[in-house]
Amino acid sequence: MLAPGSWLGCLGGGQLGRMFAHAAQALGYRVLVLDPDGDGPAAQAADDVIVADYDDIGAIAALGARVSAVTTEFENVPAQSLEQLAALVPTRPSAASVRIAQDRRLEKCFFVKNGLPVGEFAVIESEADIASIGVHLFPGILKTAALGYDGKGQARVANPVELRAAFARMNGVPCVLEALVAFEAEVSVLVARAANGDTRVWPVQENQHVGGILDLTIVPARISETCFVEAQALALRLVTALDYVGVLCVELFVTPSGGLLVNEIAPRPHNSGHYTIEACVTSQFEQQARILANAPLGDCALTQAAVMVNVLGDVWFESATPMQPAWRELLALPGAHLHLYGKAEARPARKMGHVTCTAPELEEALSLAERVKQILRIA
Ligand code: AMP
């Protein structure tokens with residue numbers, strides 16, 4: 001195990017890196033962030049920052065020389081940079097795992113090859129591929145194979161004509177067409193795997209999106225016991241098959257018959273796992289630090305019910321002149337835990353923070369979340 005006081009590196013400077021830094025520092029480690037923005041959420045919290053692009057070979061070498069292990073906080077970090085780092089220090093997750101999660105084509109092939117349940121899909125790399133698309137894929141969602149997030153790079157299509165137009169609008173980049181799943185619920189599961197193969201899984205959380213962006217996470221998910229256990233088992237199977245080291249999130253659809261379909265994976269802590277800070281024995285960020293440090297994995301048990309409300313920049317613009325939301329009123333609520341990410345400028349759809357509402361019973365946590373939404377004027 002790395003001695004406390006050692007330096008841990010983080011590629012990426014967003015809110016996930018900020019919460020990782022807080023957790024790593026609580027265990028006595030020092031954190032060096034590499035980010036193009038010297039005053040981003042993670043850079044503000046880190047012990048030091050290298051201000052550089054993620055593909056700056058010199059900066060990556062400097063990071064590798066100064067830390068004892070390195071992690072990443074977003075999946076679009078260049079896989080070559082992770083490879084470069086892996087030659088210098090333990091790098092978790094590996095470039096090979098991240099590369100699969102970065103490309104929906106590789107991701108789907110990995111799921112199919114490993115017997116993980118996925119919905120109907122087809123890879124579309126050229127106009128010619130559209131001609132052979134079966135009717136069972138309509139209505140569907142066309143997604144760019146790479147660089148999509150929060151519903152970006154996606155278009156709903158009802159028929160081949162709309163598909164052709166949508167593919168042209170995506171400038172003909174490689175895509176995946178998925179049949180629209182009539183899901184009962186969207187859930188996700190966080191799972192951790194250490195370098196020695198040890199694994200832990202958190203409870204299943206239920207996610208509600210608005211406009212393609214996560215709005216609410218409800219824990220435990222209101223699904224059957226069988227489905228809950230199956231989702232956890234699937235996540236454990238997935239990280240082992242991927243030979244993954246780190247924290248990973250699996251996003252799933254629950255079908256009307258109670259079955260599960262894997263949507264996608266995120267090779268890092270996840271927005272739907274922020275509740276683990278207050279509501280689990282070990283948070284996703286502490287686990288990430290433990291894995292980097294080669295420490296034993298922590299317990300993932302839920303200690304209380306939780307509902308997380310995302311705070312987007314939109315709430316700053318609810319009145320005619322942009323203004324700060326009613327933080328005083330919110331902080332007066334027992335059980336409402338506010339996290340703000342230190343972003344200087346609020347913009348619509350920008351993730352500015354979140355509030356985790358905790359209570360002994362889920363109904364109470366849900367009522368508290370309603371109150372939080374009223375105070376913040378979240379529709
Ligand atoms: P993704 O970026 O793939 O997570 O998609 C963003 C959101 O779009 C998901 O959380 C779902 O709400 C919705 N979505 C994505 N794929 C599908 C699908 N095949 N069927 C129905 N809804 C979907």
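The values are calculated or read from the model by the stated rules, or taken from the named source; none is laboratory data. Note that the structure is predicted; figures quoted are calculated from it, not measured. Positions of Cβ are generated from backbone atoms using ideal geometry, with glycine treated the same way; all protein chains shown enter the neighbour counts. Just so you know, the surface numbers come from the protein's heavy atoms only, side chains and all, with ligands and any DNA or RNA stripped out. Shrake-Rupley method; radii C 1.70, N 1.55, O 1.52, S 1.80 Å.
Less than 5 angstrom separates the built amide H of G259 from none of the residues sequence-distant by 5 or more or on a different chain. In region 11-139, the portion of solvent-accessible area held by carbon and sulfur atoms comes to 53 percent [1.4 Å probe, whole percent, DNA, RNA and ligands not counted]. A helix-only calculation puts the chain at -9000 deg cm²/dmol for mean residue ellipticity at 222 nm, using -39500 (n - 2.57) for each DSSP H run of at least four residues, averaged over all residues. Distance distribution note for region 120-179: the fraction of Cα pairs above 14 angstrom is 44%. Pairs of Lys residues in the chain, spaced 8 or more positions apart or belonging to different chains, with C-alpha separations under 26 angstrom: 11 in total. For the listed peptides 220-229, 171-180, 304-313, a ranking on the average number of other beta carbons within 10 Å per residue, highest first, reads 304-313, 171-180, 220-229.
Shape of region 185-375 from its Cα gyration tensor (a ≥ b ≥ c, root eigenvalues): rounded if a/c is under 1.5, otherwise prolate when a/b > b/c, or oblate? In terms of gyration-tensor shape, prolate. Solvent-accessible area assigned to carbon and sulfur over region 205-254 amounts to 56 percent, based on a 1.4 Å probe. Each eigenvalue of the Cα gyration tensor of region 271-379, multiplied by 5 and square-rooted, gives one semi-axis; in descending order these are 28, 18, 9 Å.
When region 7-92 is described by a simple charge dipole with +1 on each Lys and Arg Cβ and -1 on each Asp and Glu Cβ, the residue from I57, A26, S81 located farthest towards its positive end is A26.
Accessible area per residue for region 78-220 is 44 Å², calculated with a 1.4 Å probe on protein heavy atoms, without ligands, DNA or RNA. The mean of 1/r over all distinct Cα pairs in region 7-92, once inverted, gives the Kirkwood hydrodynamic radius of 12.1 Å.
Using the Cα coordinates of region 183-236, the gyration tensor eigenvalues translate into equivalent-ellipsoid semi-axes of 23, 14, 8 Å, sorted from longest to shortest. Rounded if a/c is under 1.5, else prolate if a/b is larger than b/c, else oblate: which is the chain, with a ≥ b ≥ c the root eigenvalues of its Cα gyration tensor? Note, shape of the chain comes out rounded. On a per residue basis, region 287-340 carries 46 Å² of accessible surface, using protein heavy atoms and a 1.4 Å probe.
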